[in-house]
Amino acid sequence: LAQWPPQRVLAECEAKRRVIKAHHAELMDVVDGIEHWTDCADCRQGPPCHTLCLLSLPYADRPGYLEEWRP
C-alpha cells in the first residue's frame, strides 16, 4: 500500500477511463436519445488500435491478454 496508495490507483483508473472516452468521443452516435459508442476505424479492423494497445500493456502478464494486443 505504501507504493500504490488506493487514491493513486483510483486516480489512474479514472485517467485511463478518460483517455478511452476521449478516444471514442468523436465516434459517439445518438439514436432515439440513447448514446451508442463505436470503436475507431482501426479498432474495427482487427486488434485494438495503438492507443488501446498501449493502455493494455501493463496487463500483458495477466490471463486473457492477447499477444496481438502488444504494441
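The table that follows gives values for the structure above.
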| read-out | value |
| --- | --- |
| Filtered residue count, the range 1-15, keeping only those that are modelled with pLDDT under 85 and surrounded by 10 or more Cβ atoms within 10 Å (Cβ to Cβ) | 0 |
| Residue check for E35: among the acidic types (D, E) and either at pLDDT 75 or above or in a loop (DSSP other than H, G, I, E, B) (or both) | no |
| Residue in the range 16-24 that is of a type in the set (K, R), within 10 Å of the chain's Cα centre (by Cα), open to solvent by less than 90 Å² (accessible area, probe 1.4 Å) and at pLDDT 70 or above present | yes |
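The values are calculated or read from the model by the stated rules, or taken from the named source; none is laboratory data. Here the structure is a predicted model, which is why all the values come from computation and not from measurement. Methodologically, a virtual Cβ is constructed for each residue, glycine included, from the backbone with ideal geometry; neighbour enumeration extends over all protein chains shown. Heavy atoms of the whole protein, side chains included, go into the accessibility calculation; ligands, DNA and RNA do not. Shrake-Rupley method; radii C 1.70, N 1.55, O 1.52, S 1.80 Å.
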